Structures are given as structure tokens and as C-alpha cells.
1. Report, in deg cm²/dmol and to the nearest 500, the calculated mean residue ellipticity at 222 nm for the chain, where each DSSP H run with n ≥ 4 adds -39500 (n - 2.57) and the sum is divided by the residue count.
2. Using the Karplus curve 6.51 cos²θ - 1.76 cosθ + 1.60 with θ = phi - 60°, work out ³J(HN,Hα) for each residue of segment 82-91 in order, rounded to whole Hz, and write x for Gly and Pro.
3. Would you mind checking the pairs Lys27/Lys357; Lys201/Lys345; Lys61/Lys190; Lys169/Lys301; Lys189/Lys357 and listing those with alpha carbons more than 30 angstrom apart?
4. Go through segment 192-200 residue by residue and turn each phi into a ³J(HN,Hα) via Karplus (6.51, -1.76, 1.60, θ = phi - 60°); whole Hz please, and just put x for glycine and proline.
5. Expressed as cubic angstrom per residue, what is the convex hull volume of the alpha carbon set of segment 229-319?
6. Considering amide H positions built from the backbone, and no H for Pro or chain starts, which residues 5 or more places from Ser272, or on another chain, come under 5 Å of its amide H?
7. Sequence-distant or interchain residues sharing an amide H contact under 5 Å with Asn3, placed H: which?
8. Going toward the positive end of the dipole of segment 1-91, with +1 on Lys and Arg Cβ and -1 on Asp and Glu Cβ, which of Gly88, Ile53, Ile31 do you reach last?
Amino acid sequence: MVNELVLKDARVDDDKPLVDIAITGGKIKEIGKNLEGDRVYDVGGDVVVPSFIEAHIHMDKALLEVVKPNLEGTLAGAIKITGELKKGFEDEEVYKRSKIVLDMLLSHGTTIVRCFPDTDPLARLVGFKAMLRLKEEYKDFVDMQIGAFAQEGILKSPGAFEILDEAMKMGSDVIAGCPYNENNYEDTKKHIDMIFELGKKYKKDVTFHADFGDDINDKRYRSIDYIIEKTVAEKYQGRVTVGHMTSLSSVEPDVLNDTIARMASAKIYLTSLVATDVFLSGRGDKNKVRRGVLNPTPFIKGGVNHAFATNNIMNGFTPFANGDLLLIGNLYAHVCQLGTISDQKMLLDMITRNPAKTLGIQDSYGLEPKKNADLVVLDEKKLSNIFINVPRRRLVLKRGRAIYKAEEAVVKMWK
């Protein structure tokens, strides 16, 4: 069978020669030299990587900063303002904002997304239904997982559990809790129990927006210990993801190392949300202001599957971001002083290989024969430079089909 498409002279490893990538039937058929195909796209030595994975984003709450900004700049302020705005959510309005964000992601080389629409008495099912609509509409462009999300808590928000249960019946891919947003630690633990209850009932993975705070003496922001305990008790190893975890940036090294070891043993995955974490952390600190961002190196060396993601775009939680994971990686490299070539490789793994495991798609994802031809051609000659230069996305492929192509960047003297 003749190859349908060949990407010629691609850089897939800085230490190895350029290769050709042959694609047939939406899959990578072969990686080698002098391959032929019906169509040939000469990459010219530019970098080719698997398409990026956005493992944690709230599209339903994006682009709200222009409606009502979070002038306090705090997590509590963001939750309050967003809660007020959610009461007025309407189907078409939420859909249109979310669609803008999805187009942003695709243009930046992200074709796999796990999103978390607020699913609670304030937002009702408006955001969740918008995600279902987009999942169907964009099925040829993006693989989307939806996680019904208990932003407002469960115990403190009567009716929330029933709305989450309805979303699971409607086809939510995962169930997501927010255990710190309860009134006390006992309710935090009950919240975790109820999320696991729904996960088991519908045979779905569970995720938590957890321990997102500066006060490590408030046990609501130290729920990871109970999440680990519950994961093991329910035999849910490899099916639990935690996001944020900024509290861990404030604990002593021995506590951090012990937590990492227990997370690795329980096969709990971690997603850092760098832009939001650095923007909201340490707001009460008068000096030695904490940045709240976890250095990934000890987690990954300790055996924890660690990814990073965008989380929010232009709202009370994060008043910037544009859907570009390379830009988030550039921020991560600066904040955590990740400057070596091996650091750059680690960062790339954190938006490709690692989140593929988090989303459970590792068997079909990657730059290898028989894997889906979901690829990005970058306007860059070295893999180790992609988070430094944040290059243009020349071409984005989904199952071997071009879904985005950038115009050539031209610098000239205008007359």
C-alpha cells in the first residue's frame, strides 16, 4: 500500500539524523529514510512532535475577565466573582466562548483536551451541555474528555451531588471534585468519598482540584493524605488525578518527599496548573512571597506521572493565557529554573507522554508506528529550543489530516 502522506526530513530527536514519517489510514505507518507517498510535505529539518495534550482546562469559564475582573486577585475573589457570573450562564453564550478557546488550542497544536465544566447549582448543566455539543461538533479535530466538576463543593452546595449524578448519566468521561471548597475538613473527606462513589457507580476515573492554598495548617488544603488512603482502599490506583497541589510547595522537604513516595505507590497522577498557581498563590504574604508552583523534577524522579496544563484563560482565576502550552512551559521553566536540555525534554513529556497516561490514551498516542497520526510541525530546528523560542505551529495534523496551517512568517521592508 502506498503511503498517503510523508513528512520528509523531520527532526524528532536532536541527537539523531532527520527522518521521514509515513502516514496511512490516520496512523503512523513507518518512520525511516527515503519514504515515498502520494503526498509529500517537506519539513526541511523542522521539529515534529506528537500533538499537545491539554489535560486540564475550564473552557466554560474562559474570557470572563472583560465581563467582571477579579480586582482582589485572590482565589476567594475568583470563586466569588465567577459564582456570580455563573448564575447568568446561557447556553449559546457559554458555547460561543468555549468554541473560541477550543479554536485557540487547535491553532497552537493541541488536539486532545480534558475539560472541566462547572456542574453545580449555580452553573447548572449549561457548561456541561456546551462541552457535549463541542465534543460532537469537533470530533474530527479534537479528542475531548469531559469531567463534570463540583466547583462549589458538594456538602456546602445542596443539590450539587444530584446535578453531578445527572451529568454522569449524560456521558461525563470522568468525575471531578473540589474538596478544599467545603466548610471544614470532615466535609472535605465526605466530598472525596462522594466523588469516589460516583466514579465507582459509573466506572469512571476520578480527579480532584486539591490542596490549592497557602495555609498548610488548614487540613482542607492537605487532603492528599486522605485521597491517597481512599485510592488504595477503593483499589483505584492509576485512576486518580490531582490538580494544583500548591500547598505542597510550602511544606518541609521531608514531608514533600514522603508525600511523593506515597503518591507514586498509589499511582496517583499530578497536573500542575502553572499560570493559575503562580498568579493566585502567596497573596497574603508580606515578604518571601510564595509562588505556589511545584518543581516537577522531584515528582518525576520519585515516580509520579506529572503533567502541566493551562487551567483558565482570561478570567478571575487567570487573567491571561492564550491556549498555547509552549508558552505555559516557558513560564514553568522560568519559575522553577528549568534551564537544561534534559529539563526541556521533561517539559515536553509533560504535555505529551505524561498526560497521555493521565487520560488513558497511551496505547494510541505518540510518535511511533501504529499510533494515531496526531502531529505538530514546529518552525524550529531543535527540540531543546521549543520552550525557549515558542515557535510558530507550521502544520497541525489530526489522524493524518491537516487541520491547521500557519502562514509563512515574512520580515520585509514595507514601502
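Values in this text are rule-based calculations from the coordinates and carry no lab data. If you're wondering where the values come from, they're calculated on a predicted model, not measured in any experiment. Cβ coordinates were reconstructed from backbone atoms using ideal geometry, including for glycine residues, and neighbour counts include every protein chain displayed.
1. Values: 13 runs with 135 residues, N = 415.
About -9500 deg cm²/dmol.
2. Calculated HN-Hα couplings, in order: 5, x, 5, 5, 4, 4, x, 4, 10, 3 Hz.
3. Details: Lys27/Lys357 19 Å; Lys201/Lys345 39 Å; Lys61/Lys190 26 Å; Lys169/Lys301 39 Å; Lys189/Lys357 27 Å.
As for pairs spanning more than 30 Å Cα to Cα, those are Lys201/Lys345; Lys169/Lys301.
4. Coupling constants for segment 192-200: 4, 4, 6, 5, 5, 4, 5, x, 5 Hz.
5. Values: hull volume 9.8 nm³, N = 91.
Roughly 107 Å³ of hull volume per residue.
6. Distant-sequence amide H within range of Ser272: Ala307, Phe308, Ala309.
7. Asp38
8. After comparing all options, I get Gly88.
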